[in-house]
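Here the structure is laid out as structure tokens; the discussion comes afterwards.
The values are calculated or read from the model by the stated rules, or taken from the named source; none is laboratory data. Since this is a predicted model, take the numbers as computed values, not measurements. Please note: Cβ atoms are built from the backbone with ideal geometry, for glycine as well, and neighbour counts cover all protein chains shown. We work out accessible area using only protein heavy atoms, side chains counted, and drop any ligands, DNA or RNA first. Shrake-Rupley method; radii C 1.70, N 1.55, O 1.52, S 1.80 Å.
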Amino acid sequence: MSIAWQRCINPACASEFDVLQVLPKCPQCGNLLDVEYDWNRMRLPDRADHLGRTDAWPAGGPGAVSGVWRFGALLPFVPAEKRVTIGEGHTQLRISPAAAGYAGVKSANFRLQYEGLNPSGSFKDNGMAGAFSHAAMTGARIAACASTGNTSASLAAFAAASGLMRAIIFIGDGKIAYGKLSQALDYGAFTLLVRGDFDDAMARVQEVCAGEGLYLVNSVNPFRLEGQKTIMYRVLEGLDWRVPDWIVCPGGNLGNSSAFGKALCELHDHGLIAKLPRLAVVNSAGAPTFSRLVNRHGLCWNGGRIDDDAIASYYAGLDDRGEKAHTLASAIEINRPVNLKKCLRAIERTNGVVLEATDQEILDAKAWIARDGLGCEPASAASVAGAKLLVERGVIDKDSLVVAILTGHQLKDPHATVAYHSHDERELCSEYGGFGVSSARYANRPFPVANSLGDIVDAIRKASGQK
Ligand code: F0G
């Protein structure tokens, strides 16, 4: 019996498959798959705080710089010599007084996990290390994904850096921030601009991968989620293995939140942490499927007996009304999240919550995050916007230990940032057309000035309160 295998998440099916099989879903019942391990055979340290210090690659090897593979003892689906890395996971857990004050949490108890520091600028590199290594293990020559931009940037970077595979990416035409598109193009990925949005691109890439035998690296791939689990390991490490009360993260395709749930439950089930943090998943109000299904339709994991009809009828309603996801937080502009069921499980197990933040709330939160010298893209700021809403609603106590995840770097989408800081309210409304953003209360406006020494000195003196 192998130390790792794949298993269907549907308890009524629970079919198991070899770790080397490439299966985007359970061939028996069509549900998602998990990666499972024989924990008795895993070589883990006695103390949780020694996790991550073990299983490092030999000094100088590429894994020595991987913040994913130094937790390889917890991810034994791939043999050490098959691990692929681009140096991902060197991220930071930052104290953030301005964002803490904005969210209403005691400053000493509020942290931002800054995943924008990954080589391709987003948290996706963690998961891609897992999926790409699995793809290489199975001998894949072409890997594909649909993306709102960060998954594709990450895949393109792994393909170019490793030289192991060709990358093909599916983007909803016009639905990607330029920073991300520039990465895919620059790294040489074959880039298809599909006329449609992310949900359309996701449907097409699944058909193409099934039909053409391409390796799919979207987060339906359970090995992606294994890599993404390491974000939680590094958060715990950053807190000296003190378990936070809350983890708050943005929700798009729901891979990240599902991976966090799996990571935390496994650590808890195997006695490596004493309690479970509560998970808060924040949708953009312009892409609210998960929040609506949970909060309005009462959808829940229910021991795996999920009300499939409720999901189908919600999607049918979207189709009838021609309703598409529409948010400035383009990374999470997704109305048919592929990991919905796994995330329901994560919410139930962690006693979690799901909520929505408007684009206005997201951009205002983003401006406060930046006051601590941390830049993120709009989708990432949904975490801090969500934390603030949960404090206001009395769900998060101001003394709680709260970690908000900043998923992507500010330079992914500079347009959104510059528009917020530069425009007056009328311009802002037209710039952000239809996103419901009408104020830039926390803007740091640039100051136009003539090319004249006198005018420039005057402007500086005026700004610093001198005559
Ligand atoms: N934040 C950023 C910056 C993202 O790029 C994404 C997802 C999310 C949050 C949401 O994470 O999907 O795991 O719930 N971006 C995907 C992409 C969809 O294609 O890059 P999720």
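When you go through Val294, Val281 one by one, which is the residue that is touching a Ser or Thr at 6+ places or on another chain (Cβ under 8 Å), within 18 Å of Ser258 (Cβ to Cβ) and either among the polar types (S, T, N, Q) or within 15 Å of the ligand (Cβ to nearest atom) (or both)? Going through Val294, Val281 in turn, the sole match is Val281. Taking the criterion of being in a loop (DSSP other than H, G, I, E, B) and out of contact with any Phe, Trp or Tyr (no Cβ under 6 Å at 6 or more places or on another chain), the residues of segment 4-21 that qualify are Ile9, Asn10, Pro11, Ala12, Cys13, Ala14, Ser15, Leu20, Gln21. Scanning segment 219-272 for residues that are aromatic (Phe, Trp, Tyr) and farther than 22 Å from His90 by Cβ returns a single hit, Trp246.
Cβ-Cβ contacts under 9 Å between residues 6 or more apart (or on different chains), taken from a first residue in segment 145-156 that is open to solvent by 10 Å² or more (accessible area, probe 1.4 Å) and within 7 Å of the ligand (Cβ to nearest atom) to a second residue that is of a type in the set (Ser, Thr, Tyr) and assigned to a helix (DSSP H, G or I), are listed as Thr148/Ser330. Consider segment 99-123. How many of its residues are open to solvent by 20 Å² or more (accessible area, probe 1.4 Å) and not in a loop (DSSP other than H, G, I, E, B)? So the answer is 7. Taking segment 375-386 as the range and being surrounded by 24 or more Cβ atoms within 10 Å (Cβ to Cβ) and either away from the ligand (no atom under 14 Å from the Cβ) or not in a strand (DSSP E or B) (or both) as the test, the residues that pass are Glu377, Pro378, Ala379, Ser380, Ala381, Ala382, Ser383, Val384, Ala385, Gly386. Of all residues in segment 169-191, exactly one satisfies the criterion of being away from the ligand (no atom under 14 Å from the Cβ) and crowded, with 18+ Cβ neighbours inside 10 Å, namely Tyr187. Annotation: of all residues in segment 159-177 being in contact (Cβ under 8 Å) with a residue 60 or more places away in the chain and farther than 24 Å from Gly251 by Cβ, the one that is farthest from the chain's Cα centre (by Cα) is Leu164. Being open to solvent by 30 Å² or more (accessible area, probe 1.4 Å) and assigned to a helix (DSSP H, G or I) is the filter here, so list the residues in segment 74-98 that pass it. Result: Ala80, Glu81, Lys82, Pro97. For segment 248-256, the count of residues that are surrounded by fewer than 23 Cβ atoms within 10 Å (Cβ to Cβ) and either more than 12 Å from the ligand (Cβ to nearest atom) or of a type in the set (A, V, I, L, M, F, W, C) (or both) is zero.
So Asp319 fits all but one of (1) more than 16 Å from the ligand (Cβ to nearest atom); (2) in contact (Cβ under 8 Å) with a residue 12 or more places away in the chain; what number is the exception? (2) is the only condition that Asp319 fails. Within segment 387-443, track down each residue that is closer than 25 Å to Gly101 by Cβ, of a type in the set (Phe, Trp, Tyr) and part of a loop (DSSP other than H, G, I, E, B). Within segment 387-443, Tyr442 is the sole residue that qualifies.
Based on this model, can you work out whether Ala346 counts as open to solvent by less than 10 Å² (accessible area, probe 1.4 Å), in a helix (DSSP H, G or I) and at pLDDT 95 or above? When the stated conditions are applied, Ala346 passes them.
In segment 417-456, the qualifying residues are those that are open to solvent by 40 Å² or more (accessible area, probe 1.4 Å) and among the β-branched types (Val, Ile, Thr), and the one that is farthest from the chain's Cα centre (by Cα) is Ile456. Tallying residues that are within 17 Å of the chain's Cα centre (by Cα) and small (Gly, Ala, Ser) within segment 353-368 yields 1. Whether any residue in segment 348-359 is closer than 22 Å to Ile176 by Cβ and of a type outside the set (Ser, Thr, Tyr) is what I want to check. Within segment 348-359, one or more residues are closer than 22 Å to Ile176 by Cβ and of a type outside the set (Ser, Thr, Tyr).
Matching residues to (1) at pLDDT below 95; (2) over 19 Å from Pro288 (Cβ atoms):
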| site | (1), (2) |
| --- | --- |
| Ser383 | no, no |
| Gly386 | no, no |
| Glu392 | no, no |
| Asp397 | no, yes |
| Pro414 | yes, yes |
| Tyr420 | yes, yes |
| Gly433 | yes, yes |
| Val437 | yes, no |
| Arg445 | yes, yes |
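Residues in segment 257-286 that are crowded, with 20+ Cβ neighbours inside 10 Å and under 18 Å from Lys341 (Cβ atoms): Ser257, Ser258, Ala259, Phe260, Gly261, Lys262, Ala263, Leu264, Leu279, Val281, Asn283.
One residue stands out in segment 1-37 among those that are charged (D, E, K, R) and over 23 Å from Ile142 (Cβ atoms): the one that is least open to solvent (accessible area, probe 1.4 Å), namely Asp34. Of the helices (runs of 4 or more DSSP H) that lie entirely inside segment 180-242, those containing 3 or more residues that are of a type in the set (D, E, K, R) and in contact (Cβ under 8 Å) with a residue 24 or more places away in the chain span 198-212.
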